[in-house]
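Inspection log for the structure reproduced underneath, given as structure tokens.
Derivation of every value follows stated rules applied to the coordinates shown; laboratory data play no part. Everything quoted here is computed from the prediction, not taken from an experiment. Note that each Cβ is placed from the backbone with ideal geometry, even for glycine, and that neighbours are counted across all protein chains shown.
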Amino acid sequence: MINLPVLVLNQNYEPLNVCDVRRAVVLMGKGKAELLENGRGDLRTFRATYPIPTIIRLFYMVKRPPPKARLSRKEVFVRDRHTCQYCGIVSTDLTLDHVLPRQQGGQHTWDNLVSACSRCNNRKAARTPREAGMVLKREPRPPRPNPYHIFQHLSLLEEWRPFIPWA
Ligand SMILES: [Zn+2]
């Protein structure tokens, strides 16, 4: 119960992050946050009874730069919308392709990595797209910072949806 996820809203009601019930109860106990949704009943301890929050809102504004996506296979697939950047097929079974092959000095960076289906990846092999006669759908770039990045990989509770702009 104490580890269940709680949506934390900024003072202006923008979704900020997700914490656990324990942390949310501490924030409310210190007067730093208010309970917005209590979808889980109450938590009884020796000393008191606490509502178990599903959403809290901070009484102060947290300002921070949008988090950047860390470079990983999964994040490259997300950036490319699970689409092979050569043939355009949408797949859950993609591979990572170095546009300029590593053998030719290609780096493991956002602007040299694309999602490719295994067929295209095999066909391209250790060649550049030009050498392989293949054309990229889009030039790979680092993804734009997204303030809601952390929510992309979370399963959202039904009660959170009114506060999540795209849900
Ligand atoms: Zn393909």
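Things to note:
- Geometric extent, Cα atoms of the range 5-66 - Rg, Dmax (angstrom): 11.7, 41
- For the range 38-97, alpha-carbon Rg over 2.2 N^0.38 Å: 2.06
- Computed log₁₀ I(q)/I(0) - Debye formula, equal Cα scatterers, no solvent, the range 73-132, q 0.24 Å⁻¹: -0.94
- The listed peptides 28-38, 14-24, ordered by packing as a protection proxy, come out as 14-24, 28-38 (highest mean of other Cβ atoms within 10 Å first).
- Sites V135 and K30, calculated FRET efficiency, Cβ-Cβ separation with R0 41 Å, nearest 0.05: 0.10
- Cysteines not pairable in the chain (beta carbon separation under 4.7 Å absent): C19, C87, C120
- Based on Cα contacts under 8 Å between residues 6+ apart, the range 5-66 shows a relative contact order of 40 percent.
- D_trans [Stokes-Einstein, Kirkwood Rh over alpha-carbon pairs] for the chain, 37 °C, 0.692 mPa s, µm² s⁻¹: 175 µm²/s
- Per residue, the average separation of C-alpha pairs within less than 8 Å and at least 6 apart gives the range 73-132 a relative contact order of 35 percent.
- Remark: relative contact order (the chain) = 20 percent; criterion is Cα-Cα distance under 8 angstrom and separation of 6 or more residues.
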